[in-house]
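Scroll down for the structure; my scribbles are underneath it.
Taken together, the values in this text are just the output of simple stated rules run on the coordinates, not laboratory data. Everything quoted here is computed from the prediction, not taken from an experiment. Note that each Cβ is placed from the backbone with ideal geometry, even for glycine, and that neighbours are counted across all protein chains shown.
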Amino acid sequence: MTNTLFGIHAVTAALEANPDKVTELFVQSGRADKRLLAIIALANKHNLPVHHVGKDVLETKSEYGKHQGVVALCQQTARTTTTLANENDLMAMVEDAPSNLKLLILDGVQDPHNLGACLRTCDAVGVDAVIIPSDKAVSVNATVSKVACGAAETVPVVTVTNLVRTMQSLQELGVWIYGLAGEAEHSLYDNKLTGRLAIVMGAEGKGLRRLVRETCDHLIKIPMVGTVESLNVSVATAVCLYEVLRQSERA
């Protein structure tokens, strides 16, 4: 199976992380800025074919034409640390993980831009894995990789068939699960967010599904003092994960 990556950060990350998965590189003719030259140098280092093509060719190979002058064809979405192929791998990792394990669970996020932004934050704060459902949710695709600016190649993403069952398995392994919900009584800042934990974020507009909400150990909310009812899911994820990071560094 061949996937397409486009954009400076996504292609660079793929070439640095797993060049054996990259099969071809397409670069816009006439462009010779430093970032593109660095990508070409990486491709040459690994003896990868580089095609210099017109902008119109790149636009047909990338979504919305946001290619930044480079497109790569890959055997699969290249990742460095994503050895977590399934739920069994995830549970094995969790069993061996240290006391500061951090997970992000996304309950049906469908916008690839939101998933990409979440992955970028996860990379920044050191999240160990992101868990997403296989049904009614976006998976890691070219748009996600571009928005993530390389984080899609470094943050393990595990797709599971039954999110509630996965959460219950994590709880059995000593992971405390905190779900973000507007109706929660307690603020994000009123909870001790240290140790082995997972943050659960709901889908755009809908929030957490009932069974997912009921499976959480605790529900928390982000204080809102303005007129808007909620934050974008990727923004809310960043707020929560940075509070987890802040607390873990002070623990």
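Tabulated data
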read-out: Cα-based reach from K55 at 29 Å (exclusive), listing lysines while leaving out same-chain residues under 8 positions away; value: K21, K34, K45, K66, K146
read-out: Share antiparallel - DSSP beta bridges, the range 172-247, percent rounded to 5; value: 10
read-out: L211 paired with K34, simple spin-label distance in nm, labels 7 Å along Cα-to-beta-carbon; value: 5.3
read-out: Computed FRET value (nearest 0.05) for D135 with V228, which takes r as the C-beta separation and R₀ as 25 Å; value: 0.25
read-out: Cross-link partners of K192 among lysines (Cα-Cα below 28 Å; sequence separation of 8 or more within a chain); value: K102, K206, K221
read-out: Built amide H within the under 5 Å cut-off of E24, gap 5+; value: L73
read-out: For the range 3-74, share of DSSP beta bridges that run antiparallel, in % to the nearest 5; value: 70
read-out: Value of relative contact order over the range 3-74, rounded to a whole percent, pairs C-alpha under 8 Å and six or more apart; value: 52
read-out: Spatial extent of the range 18-60: Rg and Dmax, with the Cα atoms as the point set, Å; value: 10.5, 28
read-out: Top of G182, G202, G226 by mean-square fluctuation, Gaussian network on the chain, Cα under 10 Å; value: G226
read-out: Helical mean residue ellipticity (222 nm; -39500 (n - 2.57) per DSSP H run of 4+; nearest 500) of the chain; value: -11000 deg cm²/dmol
read-out: Separation of alpha-carbon centers, the range 28-57 and the range 148-200, rounded to whole Å; value: 39
read-out: Among 46-57, 99-110, 230-241, the order from most to least packed when residues are scored by Cβ within 10 Å on average; value: 99-110, 230-241, 46-57
read-out: DSSP beta bridge pairing in the chain, given as percent antiparallel to the nearest 5; value: 30
read-out: Cα Rg over Rh - the chain, Kirkwood; value: 1.02
read-out: Ratio Rg/Rh [Cα only; Rh per Kirkwood] for the range 3-74; value: 0.91
read-out: Normalised contact order of the chain, rounded percent, pairs of Cα under 8 Å and 6 or more residues apart; value: 21
read-out: Simple Cβ-charge dipole of the chain, Lys/Arg +1 and Asp/Glu -1, about Cα centre, in debye nearest 20; value: 560
read-out: Selected from E204, E87, E95 as most flexible by GNM, with the chain as the system and alpha-carbon contacts under 10 Å; value: E95
read-out: Residues with amide H under 5 Å from that of I105, placed H, sequence gap 5 or more; value: I131, I199, V200, M201
